[in-house]
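Asks: There's a structure below that I have some questions on.
The values are calculated or read from the model by the stated rules, or taken from the named source; none is laboratory data. Note that the coordinates shown come from a computational prediction; the quantities given were computed from them, not determined experimentally. All Cβ positions, glycine included, derive from the backbone under ideal geometry; neighbour counts span all protein chains shown.
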Amino acid sequence: MTGAVYRSTQTHRRFQRAVTIATLFLSLAVIIIAALQWRVADNKLRLDLFDRRYKVYDATRKFLSVILREANFTNPQLFEFYAGTSDAEFLFGADVTEHLEKIRKRAVHLQTAQKIYEPLPVGDERSKHVQAAHDDLLWLTDQITAISKTFAPYLGFANVRLRFWPSFKIFSTNR
């Protein structure tokens, strides 16, 4: 009987070791799956953020293209620009939001100067407003190339590239 008890105890110990090893492997598998899910979620967040940021960039580029092409813009085009860039403060740092604000102000100033000088007769007053509109137009047309530099830190390839391991910068603006 002691031989049977010994075999039973030995079998029980082997079974316990097998369960312990299986539990260890299962725990490792759960950790690996959790890490992979974290990586997928991080990459999806960065790609979604890129898409939303690119829409702001595209709205800005389109608005500046209209100004460059027509040397003017309509109120609906201005409202479309406002709508397309309204989320910028949540998606970018202060550098981009301040630049977008400068574009808005210069565009409105351009439109105001154009409306003021149109009915004026030729003279010093008209020339002053024509010069102001011209300066705003030059600045706005220069922004077609300048916005690429302003948006680049947020839209560059390094921000889109998929990562093998997620970033631990939880509150990073440039994500």
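Asks: Using beta carbons and a limit of 9 Å, which pairs, at least six apart or on different chains, have the first residue in the range 34-49 and modelled with pLDDT of 85 or more and the second one surrounded by 12 or more Cβ atoms within 10 Å (Cβ to Cβ) and part of a helix (DSSP H, G or I)?
Replies: These pairs meet every condition: Leu47/Val160; Leu49/Leu91; Leu49/Tyr154; Leu49/Asn159.
Asks: Given the options Ala83, Ala88, name the one that is under 27 Å from Tyr154 (Cβ atoms), of a type in the set (Gly, Ala, Ser) and buried (at least 18 other Cβ atoms within 10 Å of the Cβ).
Replies: None of the others qualify; the one that does is Ala88.
Asks: Ok, one more. Any chance you could count how many residues in the range 91-121 are free of Cβ contacts under 8 Å to residues at least 24 places away in the same chain and farther than 28 Å from Tyr154 by Cα?
Replies: 9
Asks: Does Thr11 meet the test of being more than 30 Å from Thr141 (Cα to Cα), at pLDDT below 90 and surrounded by 10 or more Cβ atoms within 10 Å (Cβ to Cβ)? Quick ask: steps written out before the conclusion?
Replies: Details: more than 30 Å from Thr141 (Cα to Cα): yes; at pLDDT below 90: yes; surrounded by 10 or more Cβ atoms within 10 Å (Cβ to Cβ): yes.
Yes, satisfied.
Asks: Please go through (1) under 21 Å from the mean Cα position of the chain (by Cα); (2) exposed (fewer than 10 other Cβ atoms within 10 Å of the Cβ) for Asn43 and return the number of the only condition it doesn't satisfy.
Replies: It fails just one condition, (2).
Asks: Sticking with this one: Under 6 Å between Cβ atoms, at least 6 apart or on separate chains: pull out the pairs that start in the range 130-145 with a residue that is within 8 Å of Leu110 (Cα to Cα) and end on any residue that is of a type in the set (Lys, Arg).
Replies: What qualifies is Asp136/Arg106.
Asks: Answer yes or no: is there a residue in the range 50-58 that is hydrophobic (A, V, I, L, M, F, W, C), surrounded by 13 or more Cβ atoms within 10 Å (Cβ to Cβ), free of Cβ contacts under 8 Å to residues at least 12 places away in the same chain and closer than 30 Å to Leu140 by Cα. Spell out the reasoning first.
Replies: Applying the first criterion (hydrophobic (A, V, I, L, M, F, W, C)) to the range 50-58 yields 50, 56.
Cutting the leftovers down to surrounded by 13 or more Cβ atoms within 10 Å (Cβ to Cβ) gives us 50, 56.
Narrowing the set further to residues that are free of Cβ contacts under 8 Å to residues at least 12 places away in the same chain leaves none.
Checked the range 50-58: no residue is hydrophobic (A, V, I, L, M, F, W, C), surrounded by 13 or more Cβ atoms within 10 Å (Cβ to Cβ), free of Cβ contacts under 8 Å to residues at least 12 places away in the same chain and closer than 30 Å to Leu140 by Cα.
Asks: Now for a different question. State the number of residues belonging to the range 119-136 that are out of contact with any His (no Cβ under 9 Å at 6 or more places or on another chain) and not in a helix (DSSP H, G or I).
Replies: Of the residues in the range 119-136, 4 are out of contact with any His (no Cβ under 9 Å at 6 or more places or on another chain) and not in a helix (DSSP H, G or I).
Asks: Another question, if that's okay. Which condition breaks for Phe73 when tested against (1) surrounded by 18 or more Cβ atoms within 10 Å (Cβ to Cβ); (2) not in a loop (DSSP other than H, G, I, E, B)?
Replies: (2)
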